[in-house]
Each structure stands twice: as C-alpha cells, then as structure tokens.
C-alpha cells in the first residue's frame, strides 16, 4: 500500500486521530501537509516525528470553515508541491449539550467545522485532482452519525451529513478517477475519551462486542487502505471501525 510520490493533506492533523493518520501515510511515502488552526506547536511536533522517521512533511495553518483560507491554502500546496492527491477531512470539534439548552452558536460552530469545512476543502482539492484524473478524498465521520447520542445533536447531524455529502461527491467525481469514502470511528483512545470518567468508559465498553476501545492506529490503517491503489474500485462507502458497536 505504498503512497510514494503522493501529496496528502490531513486537516486537524496535529493531535489524536489526525496525528496518527499523518504519521501512517508518511511512513508509506506520502508527503504530508499537517493542518492546524490553533496548535502550531503540536503540528510542528508531528512534522518533526515524521522527518525523524525519514518521511517528508510540512505544517499549514488555516481554518477549514473559512472559504477564502481553505481555497488559498490548498492552492498554495499545489503551487509548492505540484499536486494534491489525497485529502483527509479529519478536522472536527465538539460543543456538547442537551438540545433544549444548546445555543445556536454551538450548533453553527460544529456544523461549520465538521461539515462545511469538509465541503470547502473537498471543493478546493477536487479542482486539482480533476486535472490529474486521480484523487482520494476520505472523510472522518463517526459511529454517532449512525446511532445518535444524547447531548450531541449538533455533532451527530454533522457526522451524518458527511455520509450523504461523500456519496454525492463520489457520484460526481467517479468518472475522473477520484474516490470519496468515509471512515467511521467508534470509541477510540484519545485525549477526548481519556477525559471521560471510568464509570462512563465502562458503560461504553459494555456496549462494544469486542469489549474494548479502539486505537488511533486502527483508524490510520483504514485510512491507509482507502488512500492506496488497493481501494481503487471503492467509492461512496463508509468503513466502520468500532469493534462491532454499530453493525
């Protein structure tokens, strides 16, 4: 599953799942642009880890929900590197709260980053992928987009929206050899899940047939496959990586 010579952009690549994805695809030869919006130090650490392992990477700061920034920065990647072959729309935020008390700003912020951001980055990247007649767009959705979750109406709506968006984009760009797929993580060990109380973690584990949380490596392995030539005939699909939590 070599990605030698490919240029990739991982949004939200400075921590958690995004960090693991950047490291994994760089390991397979891709030149990785690590996007961040507020943590340049963390993004630089990911770059340094990639370079130390013999890979190639650069950091690129912009807000995926800002149309001008997304368009300008993605164009700068192509100008600098000559291509953009792989786009991983991973950037996401949470603003949890019961729907009855949820502020409109909390709804808008989550939809803007998690769904609109993927649209803006995909639209900008597809322009260049079409010219090359090759591309991979992979959107990180969530098990919550399929099951719903109390206190996460905004997050669940955004993640479910990514699935419909991906299917529509897959149909529009298939003739140009651009595949568009989703990876839907279940509960993965990250900083966010570590903040949960042990009681909450135990309840979640009881609902997972494999009885354990996943790791960021489980997600990056799925991303690597969908980015490779081995997945050339797969588009408009969602790969569920959740230990059987949603079947």
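Brief remarks on what is shown
- Tally of residues being buried (at least 20 other Cβ atoms within 10 Å of the Cβ) and without any contact (Cβ under 8 Å) to a residue 40 or more places away in the chain across segment 64-74: 1
- Selection from segment 238-247 of residues that are within 17 Å of the chain's Cα centre (by Cα) and free of Cβ contacts under 8 Å to residues at least 60 places away in the same chain: 239, 241
- Looking only at segment 190-218, and only at residues there that are under 25 Å from residue 9 (Cβ atoms) and at pLDDT below 95, the one that is surrounded by the most Cβ atoms within 10 Å (Cβ to Cβ): 190
- Condition check for residue 124: under 28 Å from residue 228 (Cα atoms) and out of contact with any strand residue (DSSP E or B) (no Cβ under 6 Å at 6 or more places or on another chain): yes
- Note on segment 15-62: among residues that are within 12 Å of the chain's Cα centre (by Cα) and farther than 16 Å from residue 121 by Cβ, the one that is surrounded by the most Cβ atoms within 10 Å (Cβ to Cβ) is 17.
- Selection count, segment 169-189, where residues are part of a loop (DSSP other than H, G, I, E, B) and surrounded by fewer than 22 Cβ atoms within 10 Å (Cβ to Cβ): 2
- Residue satisfying all of: in segment 196-218; within 30 Å of residue 32 (Cα to Cα) and in a loop (DSSP other than H, G, I, E, B); farthest from the chain's Cα centre (by Cα) among these: 213
- Scanning segment 149-176 for residues that are under 19 Å from the mean Cα position of the chain (by Cα), more than 14 Å from residue 238 (Cα to Cα) and free of Cβ contacts under 8 Å to residues at least 24 places away in the same chain returns a single hit, 156.
- Out of 221, 166, one residue alone is surrounded by fewer than 21 Cβ atoms within 10 Å (Cβ to Cβ) and not in a strand (DSSP E or B). It is 221.
The values are calculated or read from the model by the stated rules, or taken from the named source; none is laboratory data. Predicted model, so just to flag it, every value in this text is computed and none were measured. As a convention, Cβ positions derive from the backbone with ideal geometry for all residues, glycine included, and neighbour counts pool all protein chains shown.
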